[in-house]
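Enquirer: First, the structure itself, so that you have it in front of you.
The values are calculated or read from the model by the stated rules, or taken from the named source; none is laboratory data. What you see is a predicted model, and the numbers here were worked out from it, not measured in a lab. Ideal geometry is used to build each Cβ from the backbone, glycine not excepted, and the neighbour counts take in all protein chains shown.
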């Protein structure tokens, strides 16, 4: 149970890092794609996703003794760092193009994590499926914002 608390704290730290960079007036003034959800959707979705990310990480940790287990845990950590960095790039620095490249790398890292992790803990990989879809949607929104405001 202590290991789950560690994964929960790590995931919460990534969420807190992202929360440091609020959308604010800059984001409100941007042109956005037509399918951009209302602002209230983002914290609700991310709360659920972060819980699923923590559970999946904990499940992968339990399988770390498998041949690819350590690589899977490292991929989990990498996606968490990339996740936290996106908010800083997009909302903090307003680098929408750089943030787009970064979120595509995040999406790819999640996909690789799910594929490699499936051999160890299939359920953990399925728990990350909504995260992969959401990050794909966020990448599409990021692309739209970058194109509409370049």
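Enquirer: Being modelled with pLDDT of 95 or more and over 17 Å from the mean Cα position of the chain (by Cα) is the requirement here; does residue 30 meet it?
Expert: Details: modelled with pLDDT of 95 or more: yes; over 17 Å from the mean Cα position of the chain (by Cα): yes.
Against the criterion (modelled with pLDDT of 95 or more and over 17 Å from the mean Cα position of the chain (by Cα)), residue 30 qualifies.
Enquirer: All but one of (1) in contact (Cβ under 8 Å) with a residue 40 or more places away in the chain; (2) part of a helix (DSSP H, G or I); (3) under 22 Å from residue 29 (Cβ atoms) hold for residue 113; which doesn't?
Expert: Every condition holds for residue 113 apart from (3).
Enquirer: When you look at residue 73, is it within 16 Å of the chain's Cα centre (by Cα) and exposed (fewer than 13 other Cβ atoms within 10 Å of the Cβ), yes or no?
Expert: no
Enquirer: Among the residues of the range 50-60, is any surrounded by fewer than 15 Cβ atoms within 10 Å (Cβ to Cβ), under 16 Å from residue 137 (Cβ atoms) and at pLDDT 95 or above?
Expert: No, because not a single residue in the range 50-60 is surrounded by fewer than 15 Cβ atoms within 10 Å (Cβ to Cβ), under 16 Å from residue 137 (Cβ atoms) and at pLDDT 95 or above.
Enquirer: Quickly run through the range 110-124 and pick out the residues that are surrounded by 20 or more Cβ atoms within 10 Å (Cβ to Cβ) and either over 16 Å from residue 50 (Cα atoms) or in contact with a strand residue (DSSP E or B) (Cβ under 7 Å, 6 or more places away or on another chain) (or both). Give the derivation first.
Expert: First, the residues of the range 110-124 that are surrounded by 20 or more Cβ atoms within 10 Å (Cβ to Cβ): 110, 113-114, 117, 120-121, 124.
Matches in the range 110-124: 117, 120, 121.
Enquirer: Right, here's the next one. What about residue 140, is it touching a residue at least 60 places away in the same chain (Cβ under 8 Å) and assigned to a helix (DSSP H, G or I)? Give the derivation first.
Expert: Values: touching a residue at least 60 places away in the same chain (Cβ under 8 Å): yes; assigned to a helix (DSSP H, G or I): yes.
Judged against the criteria, residue 140 is a match.
Enquirer: Kindly indicate whether residue 43 is in contact (Cβ under 8 Å) with a residue 60 or more places away in the chain and surrounded by fewer than 16 Cβ atoms within 10 Å (Cβ to Cβ). Talk me through it step by step, then tell me what you get.
Expert: Working: in contact (Cβ under 8 Å) with a residue 60 or more places away in the chain: no; surrounded by fewer than 16 Cβ atoms within 10 Å (Cβ to Cβ): yes.
Judged against the criteria, residue 43 is not a match.
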